[in-house]
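Trainee: This is the structure, below, for whatever I ask next.
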Amino acid sequence: MKKYLEKFVLFLHKKYGITPNILTYIRIFSAPWLALLISKILSGKSLMLAIITIILYILVVSTDFLDGILARALPKTENHNHSHGGMLDRLADKILIIFLLIPFGLNLFTFLIILAESMLIFQAMHSLEYKKQINYTEKIKIVLQILLIPILMLQAVMNFVPEMIVYVYIIITIISTYVSLYSHYFYLKE
C-alpha cells in the first residue's frame, strides 16, 4: 500500500509540481474554512453538512500522511527544504486542530488543548534547528485529536454515543496532549 501511495505522490509531484510543502499548506489554508463549516453544523444541526465536512476533513488530514511520504521519496538534492518543511508540517497540524476546536466554544477542554498546542507552536517556532523525529506520544496525540473533531461534530448533530464516553475520550485526548507537550520540552532540555 505504501509503495502505491509513494508512486501516487511522486506522480503528483512530477505531473503537477505538488511538493510536500504544498500539501502542508493545504492543511493551513483549509483550517478556517473547515472551522466555518463546523460552525454552520453546530448552529444548524445538519447531518448532511456534517458528513460532507467530515469527508473534506479526511481529505485535508490525509495531506499530513501524504506530505511525509513525498518528502521521504524526494531526493535530498531536489529543491525542497526538508528542515523548513518539517517545522511547517508540525505547525500545520497544530493550526488545523486549533482552528477546528474554536467553533466548539470556550470551555475547559478546548481551552486546555488550544493552550497546549499554542505552546507547542511557540516551541516549534523558537527551535528551528530542532530536528526531533515524531515520537509515539506525539503520534498518539495526533490520532486522538484528529478523531476528536468528527466525534464532536457527530455528537452535536445526532448524539451517536453516550455523553460519558465522549467526555472520557476528551479527557484521554487532553492527557495525551499534555504528555506530548511535556515530552517535547523534556526532550529539549536533555
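The values are calculated or read from the model by the stated rules, or taken from the named source; none is laboratory data. What you see is a predicted model; the values in this text were computed from it and never measured. So basically every Cβ, Gly included, is an ideal-geometry build from the backbone, and we count neighbours across all protein chains shown.
Trainee: Kindly establish whether I121 is modelled with pLDDT of 90 or more and either more than 13 Å from the chain's Cα centre (by Cα) or on the phi < 0 side of the Ramachandran plot (or both). Please lay out each step first, then the result.
Mentor: Working: modelled with pLDDT of 90 or more: no; either more than 13 Å from the chain's Cα centre (by Cα) or on the phi < 0 side of the Ramachandran plot (or both): yes.
Against the criterion (modelled with pLDDT of 90 or more and either more than 13 Å from the chain's Cα centre (by Cα) or on the phi < 0 side of the Ramachandran plot (or both)), I121 does not qualify.
Trainee: Has segment 10-32 got any residue that is free of Cβ contacts under 8 Å to residues at least 24 places away in the same chain, touching a helix residue (DSSP H, G or I) at 6+ places or on another chain (Cβ under 6 Å), in a helix (DSSP H, G or I) and under 23 Å from D93 (Cβ atoms)?
Mentor: No.
Trainee: Could you look through segment 124-157, keep only residues that are among the polar types (S, T, N, Q) and surrounded by fewer than 19 Cβ atoms within 10 Å (Cβ to Cβ), and pick out the one that is modelled with the highest pLDDT? Before the answer, list the steps.
Mentor: First, pick out the residues of segment 124-157 that are among the polar types (S, T, N, Q): 127, 133, 135, 137, 145, 155.
Filter once more, keeping what is surrounded by fewer than 19 Cβ atoms within 10 Å (Cβ to Cβ): 127, 133, 135, 137, 155.
On the way: S127: 65, Q133: 54, N135: 73, T137: 82, Q155: 92.
Of everything passing the filter in segment 124-157, Q155 is modelled with the highest pLDDT.
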